[in-house]
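Read through the structure below, which is laid out as structure tokens, and then see the notes.
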Amino acid sequence: MRDQVQAVPDIHALRDRLERMQGRRMDASVLPTHPAFTSLLPGGGLRSGSAYALARSASLLLALMARPSQDGAWCGVVGMPELGAEAAEKYGLDLDRLVFIPDPGPRWLAVTATIAEVLPVVAVRPPAGSNAARGGAEATRLAARLRDRGTVLLVQGSWPQAEAVIDVADPRWSGVGQGSGYLAGRELTVSVSSRRSPNARRARMLLPAADGTIELLGAPTERLVPRTHETYRTRAVG
């Protein structure tokens with residue numbers, strides 16, 4: 001039993017190494033994101049040509065997009081009319097390389113596919129009741145286009161064959177006293193479930209801290225979960 005316990009860290013290290021090697025063999029580069037997410041995401045970043053299913057959290061979305069934007073990547077946001085330039089700039093996105101399409105209409109998938117032809121990072125929120133979450137033909141064609149162009153797709157909601165599902169839970173705000181006050185910062189748990197691993201990686205982080213930064217609190221942990229992450233049930237978290 002003692003030998004088995006000592007072998008666990010080596011198994012984890014081997015798995016991470018194989019993930020990185022597989023990424024190189026598949027010629028799928030990884031876009032770096034904020035360091036707080038490095039130990040949670042498969043390969044340490046956002047894999048080019050892949051889609052990620054996200055909780056409906058503007059803070060999570062912008063935090064993931066900030067580093068690619070700062071590194072010079074053009075980013076697009078589709079179907080999120082409430083997400084403005086001020087919020088994006090607060091998280092460090094380069095507004096000169098940011099394209100907003102607040103209302104793409106009923107052909108939102110076609111609009112997203114068109115944007116994915118030219119922008120390396122695209123975020124989209126599918127309308128309620130859309131067929132994309134059930135693996136429609138248009139979603140399948142979009143997935144092929146992502147792989148062909150190397151585009152990263154960040155979806156607020158369900159998505160078939162997502163590279164990973166990124167969830168947030170247990171938010172705790174600071175700055176509130178006696179039922180009132182200014183919301184200064186938020187602590188929450190971020191979890192990532194990947195197709196490449198049966199274990200969900202979880203970490204507590206400030207998203208954002210009182211000064212607007214993002215900070216990892218403690219070392220990430222892992223929890224064995226069923227392989228049911230290919231689709232995602234949305235919930236709103238600010």
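Please treat every number below as a calculation from the coordinates, not as lab data. Everything numeric in this text was worked out from a predicted model, so none of it was measured. All Cβ positions, even for glycine, are placed from backbone atoms using ideal geometry, and neighbour counts span all protein chains on display.
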### Task
Give the calculated FRET efficiency between Ser39 and Thr213 to the nearest 0.05, with a Förster radius of 25 Å applied to their Cβ-Cβ distance.
0.90
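Suppose R0 equals 30 Å; then what is the FRET efficiency for Arg196 and Asp103 from their Cβ-Cβ distance, rounded to the nearest 0.05?
0.25
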### Message
Quick check: net charge around Ser69, other residues with Cβ under 13 Å of its Cβ, Lys/Arg +1 and Asp/Glu -1?
### Response
-1
### Task
Starting with the highest mean, order 74-81, 45-52, 100-107 by the number of other Cβ atoms within 10 Å, averaged over the residues of each peptide.
45-52, 74-81, 100-107
